[in-house]
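Here's the structure, in structure tokens; my notes come after.
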Amino acid sequence: MSVDVRERRGEGAEAARSRGALIGQSPRRLEDARLLTGRGLFVDDVQRPDMLHAAVVRSPHAHARIQGIDVSAALALPGVVAVYTAADLGHLNGPFSVLIPHDDLQHGRGLSALAVEKVRHVGEAVALVVASDRYIAEDAADMVAVEYEPLPAAVGLEAAVAPDAPLVHDGVPSNVAGHYVRNVGDYEAVRRQAHLILKERFRVDRGAASPMETRGVVAIPEGRGLTMYVSTQAPVALRAWLAAWFDLPEMELRLIAPDVGGGFGPKVMMMYPEEVLVPFAAMRLKRPVKWIEDRREHFVATTHEREQVHDVEVVVGADGTLLGLKTNFLYDSGAYSPYGIQIPIISATTLPGPYRLRNYSVEFRAVYTNTPTVAVYRGAGRPHGVFVMERMMDRIAEALGLAPMEVRRRNFIQPDQFPWDTGLIYQDWAPCKYDSGDYPALADRLERMLVGVADEVAQARAAGRLVGVGMGFYVEGAGPGPYEGVRVRVEPSGKVQVATGVGTQGQSHFTTLAQVVAGELGVALDQVHVVTGDTAAMGWGIGTFASRAAVLVGNAAYLAAQAVAEKARTVAAALLECTPSEVELRGGRAWVGGPAGAGEPAGAGGSAPAGARETVRSLPLGEVARRANPLRGTLAFGEPGLEATKFFSPQQSTFPSGAHAAVVEVDRGTGFAKVLRYFVVHDCGTMINPMVVEGQIHGGVAQGLGGALLEKLVFDEEGQLLTTTFADYLLPLATDIPAIETDHITTTSPLNPLGIKGAGEAGVIPCHAVVAAALEDALREWQVRISEMPINPCRIWELMQR
Amino acid sequence: MKVTVAVNGTYYTREVEPRLLLSDFLRHELGLTGTHVGCEHGVCGACTVLVDGQAVRSCLTFAVQMDGAAVTTVEGLTPAEGELHPLQEAFREAHGLQCGFCTAGFLMTLVPYLAEHPNPSEAEIREALSGNICRCTGYQNIVKAVQLAAAKGGGR
């Protein structure tokens, strides 16, 4: 991997370089020893001696009226403590508010804890059983007798908007939750001057994020209140909402997102029914209650994503210039709309990509169907926009006889055109205005990686193998506000505590945030202890999603550490009888009078650098902290101790970018597609830890390739989900994913002090487009059109029969 | 039913229900929560433990079947507090884990594999890992970790 720091607008990287010597390095992770030895704490690891266990009774129907619920048999089972239905919860049952309202969401509908009158998807929660152990709870859940009157179900996007479709919600005509229309420039005018007009319909189907840890909720009555452990990506926001919902003082509801076994979006969702049901039961029964979702439940009770159908038209000049694009699409919201129309807005605003698109017309309808609720999954609408645009780039290339890369190059936004305003409003309600980037440089790097690949492919094809190459570019909005905060405190021992409200699900925050803080305070990395996702440690925050933690928390940590360093210098200056600017923080001590760049002391308790003058004096940082927090006298340095809390709130999102390419081979006999090579060029601005960024890319690409070739949630016409095991819903294995070859460029973001743009979702975003192009190339003798994703071997084989 | 089983070198005798899964027995009866449960239907491999030295899915095994057996969980890999097994060290070195939920299953699959295959090729490593699902890493750094461990002596 090589890193090329090229600064476009670059005050950000300067800060990163000059200050934190640790930023940009790849130390081993601080969290690993714990996780590798089985000493992590995941929700299901939380045990209490008197703990009760909950199981949820779920609807077997996609759409049905509830005629009655008989819990008597379940209650009679020895070991069963309680069975709750909606009536028991009263006003606490909901419906919950729509999390993100929007003017174009005309008919938002929130979930309820338990279904009332009607169920609207398979797996919807109907009752909660609480028992002495999980086995008995599940037995009892089977004994809850629910009488249903099945109703016709609205399944499939086009079917759900058909005139005679069953209605998911009374009072929502045509099942349309929201309708959005935006125009940039004048598409119709440019269409009249077109050299070439191309049309196509594209479809992306449903998938599931499938973190290896399912969801779980534990609620423990303690003291006056409640402690909850939840496998959530948004612990602080969830606590605020739950405290208000249950009318508890926030101090009486401590919520901890402990180690979380993967998130990828669905664990952001608020409020899942179980997040209300479990604390309700715990408070009612005055005992700890645990609910752990099983994998079969997870397929129907945790949110899905990705179903959209686009009708696209592009207007092209004779030289391949993209003059305009119009898309009209349907977005499947599932049975409810807790996220409103965030995802299709992201699709609409991601679609323009790295291209100078000045005439853009976009319209969508968000549609209710009798299927599990849709919310964000890594990429969250971005893959759809990229799929549509990149496929059309390939179509333009084909129609004009140009190389795919050449068409893209002719349309790129140029490096001197930033900030580039797309003319749209992004999902964060701020302008969708690209902060920085260098798309021709991405193309150069990708071409460099692909040297020799054309020959490899030609040789394979000459040998009769079906091998093809595809590429795709993207720009993604990342790191949206409103804010995150970090508190940094130096303890008398010299240890540094860093607390943030976001949760962590494998993103390495224990290490990357420590890198940011250690560099500012001049302490060893392993002296920095990061606390994430505990409302008792940090009560402000939003959550880990949208590639935002490094951007927001990273910068907040930087600002807080700077403030602590400044105070440390002030206090140390008074103690060492010098000015603050003469104090240097390094090696866990505050130094004065040392020769510039003198050797590091041996350790935190080390003596003065060898060869230093007699005037060199120092104090351990912990001692400085202790002196700022005296037991007698007065506070001489403002607030006690060495502590600062800082928030970072960006004006708008950042815009990372990248280019991917794949070499794919199709088996002539079975249609099985294997990705032979995969290339990534990536620009996420400043990288705090390149090893971690690479890991994020690898994982994202693997999910993207799974989403392109393997992973599809299949419903029958009655809304039954047919893929509810990992034997039916296929996740990629080590044998399915090639070694991913990566390269980076760095255009820093001018929007935050460290110049970070965010990297969590990047890997997944263009995979659909890349694989589709490579498959078409591999199957060129059949002249197939790949306009749907995912595409499995059966479907590929079908296409090969024509 | 009564079951006596050696787990990480310690004998335990417990009265358990016949339907109690080994995974639940380890986690909830013995408090060894390092073994994780990802799918409870034998596909994901997160719950893999060693039974008499062989990798076994503890979610597809009843605790009562373990009577007289020797079980090793991830907690049993570490020689002493603060030390890592060479394979664990290689996972840390190669960034072979992100969220850490599937990791114990990978380790317990690999320990007997590397004992029998001290010098596997990349393709062989991928084949050996294909019964374990990781959703975070894309497997690349896990493969690298195995190569690293093998280079340093088969991870034993």
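The values are calculated or read from the model by the stated rules, or taken from the named source; none is laboratory data. Keep in mind that what you see is a predicted model, and the values were worked out from it rather than measured. Note that each Cβ is placed from the backbone with ideal geometry, even for glycine, and that neighbours are counted across all protein chains shown. Note: accessible area is taken over every heavy atom of the protein model, side chains too, but ligands, DNA and RNA are not part of it. Shrake-Rupley method; radii C 1.70, N 1.55, O 1.52, S 1.80 Å.
Need the C-alpha centroid separation for the stretch A:360-400 versus the stretch A:292-313, integer Å.
15
A:Glu566 versus A:Glu406, label points 7 Å from Cα toward the beta carbon: distance in nm?
5.6
Buried by at least 30 Å² relative to the chain on its own: which residues of the stretch B:42-64 qualify, computing accessible area with a 1.4 Å probe on protein heavy atoms?
Output list: B:Val43.
How big is the A/B interface in buried accessible area, both sides summed, 1.4 Å probe, to the nearest 100 Å²? List each step's numbers first, then the result.
Numbers: alone 29250 and 8020 Å², together 33050 Å².
Looking at A and B, the buried total is near 4200 Å².
At 222 nm, what value in deg cm²/dmol follows for the protein assembly as shown if DSSP H runs of at least 4 each add -39500 (n - 2.57) and the sum is divided by all its residues, to the nearest 500?
Values: 25 runs with 255 residues, N = 958.
Only helices count here, giving -8000 deg cm²/dmol.
Residue by residue through the stretch A:733-745, which ³J(HN,Hα) values in whole Hz follow from phi under the Karplus form 6.51 cos²θ - 1.76 cosθ + 1.60 (θ = phi - 60°), with glycine and proline marked x?
9, 4, 7, 9, 10, x, 5, 8, 9, 10, 8, 10, 10
What are the ³J(HN,Hα) couplings of the stretch B:54-62, residue after residue, when phi is run through the Karplus curve with 6.51, -1.76, 1.60 and θ = phi - 60°? Round to Hz, x for glycine and proline.
Taking θ as phi minus 60°, the curve returns 9, 6, 9, 7, 6, 7, 10, 10, 8 Hz for the stretch B:54-62.
Among the helices of chain A (complete DSSP H runs), which have Cα atoms covering no less than 30 Å along the helix axis and a Kyte-Doolittle mean of at least 0.5?
Numbers: long enough: A:554-576 (32 Å, 0.72).
Qualifying helices, which must be both long enough and hydrophobic enough, are A:554-576.
Please compare each pair in A:Lys267/A:Lys646; A:Lys199/A:Lys674; A:Lys267/A:Lys326; B:Lys2/B:Lys152 to a cut-off of 31 Å on the Cα-Cα distance and tell me which ones are over it.
Details: A:Lys267/A:Lys646 26 Å; A:Lys199/A:Lys674 29 Å; A:Lys267/A:Lys326 33 Å; B:Lys2/B:Lys152 42 Å.
Check vs 31 Å cut-off fails for A:Lys267/A:Lys326; B:Lys2/B:Lys152.
Between the alpha-carbon centers of the stretch A:49-67 and the stretch A:125-183, tell me the distance in whole angstrom.
13
Per residue and in Å³, how big is the convex hull formed by the alpha-carbon atoms of the stretch A:104-214?
Taking only Cα atoms, the stretch A:104-214 has a hull volume of 198 Å³ per residue.
Which percent, to the nearest 5, of DSSP beta bridges fully inside chain A are antiparallel? Walk me through the intermediate numbers first.
Details: 103 of 133 bridges.
Roughly 75 percent of the beta bridges in chain A run antiparallel, per DSSP.
Enumerate the calculated ³J(HN,Hα) couplings along the stretch B:15-23 in order (Karplus 6.51 cos²θ - 1.76 cosθ + 1.60, θ = phi - 60°), each rounded to whole Hz, writing x wherever the residue is Gly or Pro.
Along the stretch B:15-23, the couplings run 8, 10, 6, x, 8, 5, 6, 4, 4 Hz.
How large, in Å, is chain A by the Kirkwood hydrodynamic radius built from its alpha-carbon pairs?
Values: mean 1/r = 0.0358 Å⁻¹.
It works out to 28.0 Å.
If you take each beta carbon of peptide A:256-267 and count the beta carbons of other chains within 10 angstrom, what is the mean? Working shown, then result.
Numbers: counts 0, 0, 0, 3, 3, 11, 9, 3, 3, 0, 0, 0.
Mean partner shielding for this stretch: 3.
Given the Cα atoms of the stretch B:2-76, and with Rh set as the inverse mean 1/r over their pairs in the Kirkwood sense, what is Rg to Rh to two decimals? Intermediate results must be reported in sequence, preceding the final value.
Details: Rg = 10.8 Å, Rh = 11.8 Å.
Rounded to two decimals, Rg/Rh equals 0.91.
So if I take the centroid of the Cα atoms in the stretch A:412-453 and the same for the stretch A:517-563, what is the distance between those two points in Å?
About 29 Å separates the Cα centre of the stretch A:412-453 from the one of the stretch A:517-563.
Could you state the per residue volume, in Å³, of the convex hull enclosing the Cα atoms of the stretch B:86-151?
Working: hull volume 4.6 nm³, N = 66.
It is 70 Å³ per residue.
Looking at the stretch A:651-718, which GluC sites (Glu not before Pro) are in a loop (DSSP not H, G, I, E or B) and have at most 12 other Cβ atoms within 10 Å?
Numbers: sites: A:Glu665, A:Glu694, A:Glu711, A:Glu717, A:Glu718; in loops: A:Glu711, A:Glu717, A:Glu718.
Here the sparse-neighbourhood loop sites are A:Glu717.
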